[in-house]
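What follows is a set of notes on a single structure, which appears directly below.
The values are calculated or read from the model by the stated rules, or taken from the named source; none is laboratory data. Since the model is a prediction, treat every value here as computed from it, not as a measurement. Cβ coordinates were reconstructed from backbone atoms using ideal geometry, including for glycine residues, and neighbour counts include every protein chain displayed. Ligands, DNA and RNA are stripped out before the accessible areas are found, and what is left, the full protein with its side chains, is counted by its heavy atoms. Shrake-Rupley method; radii C 1.70, N 1.55, O 1.52, S 1.80 Å.
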Amino acid sequence: MTSVPTTIIQPRSGSLLRSIQELWEFRELIWVLAIRNIKVRYRQAVLGVAWAGIQPFATMVVFTLFFGKLAGLETKTGSIPYPIFSFAALVPWFFFNTAMALSANSLVEAQAIITKVFFPRIILLIVPILSGLVDLVISLGILVGMMLWFGLIPTLSFLAVFPLIVLTFVTIFSFGLWTSALNAHYRDLRYIVPFALQTAMFLSPIVYPTNLIKDQALKTVYSINPLVGIIEGFRWAILPSTTFPAEPLLIACITVGVCLIGGLVFFRRMERTFVDVI
């Protein structure tokens, strides 16, 4: 009786450094998948990539009417118009929200290729974040236009947006390592992640300024949420008369660093079972 050859797909052995080397080896695949992801997202959409700007702009209008006008938060933002105040936070938030949701489901949705060929599975987490950068650039362009409309001129501190984008990228990647690996084994995550993102939106200073929190100890605990430092950092970089958020940014970097290291180790261990459970 002739035996049927069996192909076993499994990650290569090696350290985390080897994983980084593999990413460089498969860099062309990353760009191909990212471009494909962008095209698929806006395929057959009448407005195309314009939706990347319409969504945060429409959300800003709703926040201005309900939180700015009705709740009176526009009096808490100092000399900064509330539409600019909220939109400056919605730029990194929509980048985080969209990329985080896609990253969490990236392994499950790629079942067809994961079970057939080998490539570093971690690539699937990077692709949606890279494609989300297109939306981020469009939103930033709208924000600059709004600033000019309100008579606010961007200063040199605007250049700090770029390292903050990198921090946001790493934050999404760090959380994605945990959520994607867990989602591959426990599909309950597909229901938990949207709820967690909705909760995170109100636990982040998007519609309100952090100066409403008077207790310093509570503010420090609040800053464990890395989006606090990221959003406050964006506001400082983009808007005049805002204070550099040194403590929230430092806490954000520490939180993301711990999450990143732990996530890489966790993802590497779980990677060996992805083909079996997806």
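Criterion first (under 20 Å from Pro240 (Cβ atoms) and at pLDDT below 90) does Ser157 satisfy it? Yes: the conditions hold for Ser157.
Taking the criterion of being of a type in the set (Phe, Trp, Tyr) and without any contact (Cβ under 8 Å) to a residue 60 or more places away in the chain, the residues of region 206-264 that qualify are Tyr222, Phe244. Listed conditions (1) assigned to a helix (DSSP H, G or I); (2) at pLDDT 85 or above are all met by Val108, apart from (2). Those helices (runs of 4 or more DSSP H) of region 172-278 in which 3 or more residues are surrounded by 14 or more Cβ atoms within 10 Å (Cβ to Cβ) and on the phi < 0 side of the Ramachandran plot occupy 189-202, 226-238, 246-270. Looking across region 25-57, the residues that are aromatic (Phe, Trp, Tyr) and at pLDDT below 75 come down to Tyr42, Trp51. Taking the criterion of being buried (at least 20 other Cβ atoms within 10 Å of the Cβ) and among the β-branched types (Val, Ile, Thr), the residues of region 118-152 that qualify are Ile122, Ile126, Val127, Ile129. Kindly indicate whether any position in region 94-117 is free of Cβ contacts under 8 Å to residues at least 12 places away in the same chain and either β-branched (Val, Ile, Thr) or surrounded by 20 or more Cβ atoms within 10 Å (Cβ to Cβ) (or both). Yes, region 94-117 has at least one match. Here the condition is being open to solvent by less than 50 Å² (accessible area, probe 1.4 Å) and at pLDDT 85 or above; of Phe67, Phe85, it holds for Phe85 alone.
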